[in-house]
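Accompanying notes for the structure given below.
The values are calculated or read from the model by the stated rules, or taken from the named source; none is laboratory data. Computed from a prediction, not measured in an experiment: that's the story for all the values here. Backbone-built Cβ (ideal geometry, glycine too); neighbour counts: all protein chains shown. For accessibility, only protein heavy atoms count, side chains too; no ligands or nucleic acids. Shrake-Rupley method; radii C 1.70, N 1.55, O 1.52, S 1.80 Å.
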Amino acid sequence: MTNELLFSYLILFLPLLAFVVNGLFLGQKSAKGAAAMGIIGNGIGAISAVLLAVSYLTSNVAPQKAVLFEFSFLPFKAISENLSGNIGFLVDPLSVMMLVVVTFISTLVNIYSVGYMRHDRSAGRFFALLSLFTFSMLGLVVATNLFQMFIFWELVGISSYMLIGFWYHKPSAVSASKQAFILTRFADSFFLMGIVLVSYVVGSFDFSTINALSMAPFYQETINIGIATVSKASALVLGSILIFVGGWGKSAMFPMHIWLPNAMEGPTPVSSIIHSATMVVAGVYLVARLFPFFAICENTLNLIMVVGAFTMVFAAVIACTQKDIKRILAYSTLSQLGYMMFSLGVCKIDSVVAVTGYTASTFHIFTHAFFKCSLFLIAGSVIHVVHTNDLDKMGGLGAKMPWTYWCALISILAISGVPPFSGFFSKDEILLAAFQGQHYIVFALALLTSGLTTFYMFRFFFLIFHGDSRSEHVRGHKIKEDFAMTLPIVVLALPAFLSGFMAKGLFAKFSVPSSLNIPQLVSLPEAKWIPFAAIGMAVVAFCTAWLFYASPKATIPAKMQQTLDETNRCGLYKLIYRKFYFDEMYYIFVRQFIFAGVARVCRFVQDYIIEGIVAFVVWFVHRLGDLVRYAQGGSLPFYLGTLIIGLLLWRFFGQLPL
């Protein structure tokens, strides 16, 4: 336990130390020194996370929970004697897995950033913010209670805001950072209300207490929630939905999805770490962490399933038409998050809860982190060479960037669910969970989306690496892959290929929320045909993408400028390419309704009513003061006149005899 305690301190506080040192000292003096500090801090944290995982998973207590340290941060004795906001370090299979993923990805992104930010004058500030972001996510992952999670949840939000808007000289980056901040804060307000409601009913913030609840005792007790008096069981269901809304916004589920693609305005390393293993996964992690609580709340898991399934299909359809390579990957992330989210939602059949979906979701978090981080870093390397995000101006990079080419192929095969790559194992489990849960429509949509994923990812691959170059810059120059940028891509290709083999048995053994009695659905058919159906969809989608974009008779790359011109496309294509006009609707809503409507009314109330009342009170008090000063001026006729007038008023109106 002593070694594990040391590892916990190193994991959590070394990124914080790197942020402080880089932010106050090294960042302003030496970008290389700041990079070294970030790499060393996160690297030691990653090694400590691996050692902690090995120590924990090989110990006799696994897969039980352990709190390595905890102290009271803020007691709430006025509400409940036992209610206290604590800061601690929780170790269980879910947190251990996330610790390894976050620290490993963060270390590689720091190494990659050495090459990517080499000529940026603000690189020191970038490495400081990157370490703050890592520290915030790690604090969220190891939280022992909702109070601690919310603190680090908000730290993740503010650090992502600063990273997305890192190039603040670009109006688009500033707009994207504000959009991400506002939308996630909107969702977080519901999250906070849910925390207050649940903790008040339960009398505790602790995950262990909340996840061990039984609804039976709460049906007979009532609580006043301001607008109505309801049973405590109903209040808990409402609280579970409010808490889920926080994860809904953080994981950018529809319709709060628009901030995530726009967050691509930040540096590519930021996009990589946000989309692979940190910020957007936090919403899925929240649902997984409170899964036993959500499972006992009526219909909450059904809501999670519907939101996740719709987001999965919606984002995959949009990704098929996008030309910006980072936006393709952004919508791909949205689709994969939908997979993870609905997998948690399909676990309930009537009153029975199955473990398959929970295990599959957490497994997909693990595998997705590696191949999605790799794909974003590959996109950054391509942009670094071509100096554009536009697919129109790419092509022919396979021979010029061989390491990047093969790593991209491995990651794309993984996300497409092709065996034996990692994504095949986790996505197959998700499909099986939907089928075993008897959610056949969701299963069909997931199977269809797996084909769409293969199509748009190989479209991405063929238009970048195959065919003739459509860039004058690439044709006229010799391309050399940057070692600092290529090394993390190569390293990530290994777990993108092997992590499915490594973790499949591990997740089946350890990824079970132990506080809930969850039976395996062994009586249901194994559905051994599902992997073959998924592979068949992938083959059809691959052949379609090859026919359109890579075959000798392919016409789309040759007519790229014409065919991707919106004026030559059908209405449906335009609708999808414009992302169903959600960005435009958002801006209309914000500018016309919020700014021009609600904000203008609020401004009128403030200027003419609130400030008008204040101004009137000030004027009235001044006039009273003037009257008092005039009355005390020492004029005898004025005193006699007011005395006589007062006596007369007293006589006639006061009904008092003289």
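When segment 588-609 is examined, which residues are found to be of a type in the set (A, V, I, L, M), more than 23 Å from Ser175 (Cα to Cα) and surrounded by 11 or more Cβ atoms within 10 Å (Cβ to Cβ)?
The one that is of a type in the set (A, V, I, L, M), more than 23 Å from Ser175 (Cα to Cα) and surrounded by 11 or more Cβ atoms within 10 Å (Cβ to Cβ): Val605.
Sort through Pro637, Pro657, Pro552 and tell me the only one that's at pLDDT 75 or above and outside any helix (DSSP H, G or I).
Pro552
Looking at segment 179-189 only, could you name the residues that are of a type in the set (A, V, I, L, M, F, W, C), surrounded by 17 or more Cβ atoms within 10 Å (Cβ to Cβ) and touching a residue at least 40 places away in the same chain (Cβ under 8 Å)?
Within segment 179-189, Ala180, Leu183, Ala187 qualify.
Please count how many residues of segment 447-463 are out of contact with any Leu (no Cβ under 6 Å at 6 or more places or on another chain), closer than 26 Å to Val385 by Cβ and of a type outside the set (Ser, Thr, Tyr).
7
I need the full set of residues from segment 213-237 which are in a loop (DSSP other than H, G, I, E, B) and surrounded by 18 or more Cβ atoms within 10 Å (Cβ to Cβ), in order please.
Leu213
Among the listed residues Tyr219, Tyr168, Tyr161, identify the single one that is in contact with a strand residue (DSSP E or B) (Cβ under 8 Å, 6 or more places away or on another chain) and farther than 20 Å from Leu303 by Cα.
Tyr219
What's the number of the only condition in (1) within 28 Å of Tyr168 (Cβ to Cβ); (2) open to solvent by less than 60 Å² (accessible area, probe 1.4 Å); (3) not basic (Lys, Arg) that Leu24 fails to meet?
With respect to (1) within 28 Å of Tyr168 (Cβ to Cβ); (2) open to solvent by less than 60 Å² (accessible area, probe 1.4 Å); (3) not basic (Lys, Arg), Leu24 is out only on (2).
Can you tell me which condition Leu487 does not meet? The list is (1) more than 20 Å from Thr453 (Cα to Cα); (2) at pLDDT 75 or above; (3) in contact with a Phe, Trp or Tyr (Cβ under 6 Å, 6 or more places away or on another chain), and all the others hold.
(3)
Go over the candidates Phe73, Phe69 one by one and state the one that is outside any helix (DSSP H, G or I), open to solvent by 80 Å² or more (accessible area, probe 1.4 Å) and in contact with a helix residue (DSSP H, G or I) (Cβ under 8 Å, 6 or more places away or on another chain).
Only one candidate passes the filter, namely Phe73.
Answer yes or no as to whether Ala288 is assigned to a helix (DSSP H, G or I), open to solvent by less than 10 Å² (accessible area, probe 1.4 Å) and over 24 Å from Ala176 (Cβ atoms).
Yes.
Check Ile210, Ile304, Ile274, Ile243 and return the single one that is of a type outside the set (Phe, Trp, Tyr), open to solvent by less than 30 Å² (accessible area, probe 1.4 Å), part of a helix (DSSP H, G or I) and closer than 16 Å to Leu183 by Cβ. Don't jump to the end; show me each part of the working.
Details: Ile210 fails: closer than 16 Å to Leu183 by Cβ; Ile304 fails: closer than 16 Å to Leu183 by Cβ; Ile243 fails: closer than 16 Å to Leu183 by Cβ.
Just a single option satisfies the conditions, and that option is Ile274.
Between Leu17, Leu52, which is in contact (Cβ under 8 Å) with a residue 24 or more places away in the chain and surrounded by fewer than 23 Cβ atoms within 10 Å (Cβ to Cβ)?
Details: Leu52 fails: surrounded by fewer than 23 Cβ atoms within 10 Å (Cβ to Cβ).
Unique residue meeting the criteria: Leu17.
Go through segment 190-207 and report how many residues are surrounded by fewer than 22 Cβ atoms within 10 Å (Cβ to Cβ), in contact with a Gly (Cβ under 8 Å, 6 or more places away or on another chain) and either free of Cβ contacts under 8 Å to residues at least 12 places away in the same chain or not in a helix (DSSP H, G or I) (or both).
Number satisfying all stated conditions: 0.
For segment 610-627, give me the residue count where each residue is among the aliphatic types (A, V, I, L, M) and either modelled with pLDDT under 80 or open to solvent by 90 Å² or more (accessible area, probe 1.4 Å) (or both). Give the steps one after another, and end with the answer.
Looking only at segment 610-627, we keep the residues that are among the aliphatic types (A, V, I, L, M), and these are 610, 613-615, 617-618, 621, 624, 627.
Cutting the leftovers down to either modelled with pLDDT under 80 or open to solvent by 90 Å² or more (accessible area, probe 1.4 Å) (or both) gives us 610, 613, 627.
Selection size over segment 610-627: 3.
Can you find a residue in segment 74-83 that is free of Cβ contacts under 8 Å to residues at least 12 places away in the same chain, more than 30 Å from Leu197 (Cα to Cα) and more than 25 Å from the chain's Cα centre (by Cα)?
no
Hey, among the residues in segment 109-143 that are under 19 Å from Val21 (Cα atoms) and among the basic types (Lys, Arg), which one's surrounded by the fewest Cβ atoms within 10 Å (Cβ to Cβ)?
Arg121
Restricting the search to segment 441-455, which residues are of a type in the set (Gly, Ala, Ser) and open to solvent by less than 20 Å² (accessible area, probe 1.4 Å)?
Result: Ala446, Ser450, Gly451.
Only residues that are at pLDDT below 90 and over 13 Å from the mean Cα position of the chain (by Cα): list them for segment 235-264, please.
Pro255, Asn262, Met264
From the list Ile349, Ile410, Ile415, Ile365, which one is aliphatic (A, V, I, L, M), at pLDDT 90 or above, in contact with a Gly (Cβ under 8 Å, 6 or more places away or on another chain) and in the same structural domain as Leu301 (by TED's automatic domain parsing)? So that I can check it myself, show each step before the final result.
Values: Ile349 fails: at pLDDT 90 or above; Ile410 fails: in contact with a Gly (Cβ under 8 Å, 6 or more places away or on another chain); Ile365 fails: in contact with a Gly (Cβ under 8 Å, 6 or more places away or on another chain).
The match here is Ile415.
Does any residue in segment 280-299 that is aromatic (Phe, Trp, Tyr) come within less than 6 Å, Cβ to Cβ, of a residue that is open to solvent by less than 10 Å² (accessible area, probe 1.4 Å) six or more places away or on a different chain, and which pairs are these?
Phe293/Ile210; Phe293/Asn211; Phe294/Ser240; Phe294/Thr300; Phe294/Leu301
Exactly one of these conditions fails for Trp248: (1) surrounded by fewer than 16 Cβ atoms within 10 Å (Cβ to Cβ); (2) farther than 22 Å from Asp324 by Cβ; (3) out of contact with any strand residue (DSSP E or B) (no Cβ under 8 Å at 6 or more places or on another chain). Give me its number.
(1) is the only condition that Trp248 fails.
Scan segment 413-440 residue by residue and report those that are free of Cβ contacts under 8 Å to residues at least 12 places away in the same chain and crowded, with 24+ Cβ neighbours inside 10 Å.
Scanning segment 413-440 gives a single hit, Leu413.
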